[in-house]
Amino acid sequence: MLSLGFMGSLHCIGMCGGLISAVSMSRPNIWWNGLLIYQSGRITTYSLLGMLVGLSGLGLSAIGGDVIQQTLAILAGSLMIIFALNLAGWLPDPLQRLSTWASRKTGLANLARNAAAQARAGSWFALGLANGFLPCGLVYAALSLALAVGSAIDASLMMLSFGLGTVPAMMLIPSALNKMTANKRSAAMRVAAVLIIIMAIITISRGSMSMHGQ
């Protein structure tokens, strides 16, 4: 999960990066403490979502046993492939319109303006919390993997690890955007996409072999 978050976080540069960069660049100096507080809010949302899907997975396991968990692992791998194809630019983002709509409905723009206007921990934490709820193929893939675990604690820890994996890219976004050329960014995304596809194939294979083994 840490690797998935780290490799997929290049996608965050395009999705969430514009938002946090706009907030950071609107201030005379980058407020690094604010960025860390924003990250903690985002990771808190991921961890809570992990706990919820973990509880759901526990219920599903009680009903359908290991077959449902294995099916969910295959679903997670499929979502990872779709996300990777989008990351590399080989497939349009199917969640772009939904993400834009959710951003308006959650008042994310207002939260971003408040955070930019004042160096208050509460505003930056709230921005991170709301940002964590935005529709994202990478997050959905991670949640599918967490759901397959069938444990609230393990699923929450998995999403915590996933969130921590995205932190390096998100913290470096304000300065990286100024230094990374379009060609370098595209090449990096394609490499990350291939690695995620490999992870997805392994995930799907494990789920399939477990099902056949039964």
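The values are calculated or read from the model by the stated rules, or taken from the named source; none is laboratory data. Everything quoted here is computed from the prediction, not taken from an experiment. Neighbour counts run over all protein chains shown; Cβ positions are idealised from the backbone, glycine included.
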### Query
In the set ASN29, ASN33, which member is modelled with pLDDT under 85 and not in a helix (DSSP H, G or I)?
ASN29
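Select, from ALA126, ALA109, the only residue that is at pLDDT below 70 and either small (Gly, Ala, Ser) or in contact with a helix residue (DSSP H, G or I) (Cβ under 6 Å, 6 or more places away or on another chain) (or both).
On the way: ALA126 fails: at pLDDT below 70.
None of the others qualify; the one that does is ALA109.
Identify the residue in the range 112-123 that is surrounded by fewer than 20 Cβ atoms within 10 Å (Cβ to Cβ) and out of contact with any Gly (no Cβ under 8 Å at 6 or more places or on another chain) and, among all such residues, is modelled with the highest pLDDT. Steps first, answer last, please.
Here is the first cut: in the range 112-123, the ones surrounded by fewer than 20 Cβ atoms within 10 Å (Cβ to Cβ) are 113-114, 116-122.
Checking which are out of contact with any Gly (no Cβ under 8 Å at 6 or more places or on another chain) leaves us with 113-114, 116-118, 120, 122.
Values: ARG113: 65, ASN114: 67, ALA116: 63, ALA117: 65, GLN118: 69, ARG120: 76, GLY122: 83.
The residue in question is GLY122.
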### Task
Of the numbered conditions (1) at pLDDT 80 or above; (2) surrounded by 13 or more Cβ atoms within 10 Å (Cβ to Cβ), GLN69 fails exactly one; give the number of that condition.
(1)
### Message
Kindly evaluate GLY57 against the criterion of being on the phi > 0 side of the Ramachandran plot and at pLDDT below 85.
### Response
no
#### Entry: In the range 162-176, residue modelled with the lowest pLDDT [restricted to those that are within 22 Å of GLY54 (Cβ to Cβ) and either buried (at least 21 other Cβ atoms within 10 Å of the Cβ) or of a type in the set (D, E, K, R) (or both)]
THR166
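If the requirement is being more than 21 Å from LEU10 (Cβ to Cβ), at pLDDT 70 or above and surrounded by 21 or more Cβ atoms within 10 Å (Cβ to Cβ), which of these qualifies: GLY150, GLY132?
Working: GLY132 fails: more than 21 Å from LEU10 (Cβ to Cβ).
Testing whether each residue is more than 21 Å from LEU10 (Cβ to Cβ), at pLDDT 70 or above and surrounded by 21 or more Cβ atoms within 10 Å (Cβ to Cβ) leaves just GLY150.
Within the range 37-51, does at least one residue satisfy the condition of being modelled with pLDDT under 85, at negative phi and touching a helix residue (DSSP H, G or I) at 6+ places or on another chain (Cβ under 6 Å)? Working first, answer last.
From the range 37-51, those modelled with pLDDT under 85 are none; that's our starting set.
Checked against the condition, which is being modelled with pLDDT under 85, at negative phi and touching a helix residue (DSSP H, G or I) at 6+ places or on another chain (Cβ under 6 Å), the range 37-51 yields no hits at all.
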### Query
Can you tell me which residues in the range 48-57 are surrounded by 20 or more Cβ atoms within 10 Å (Cβ to Cβ) and either touching a Cys at 6+ places or on another chain (Cβ under 8 Å) or not hydrophobic (A, V, I, L, M, F, W, C) (or both)?
GLY50, GLY54, GLY57
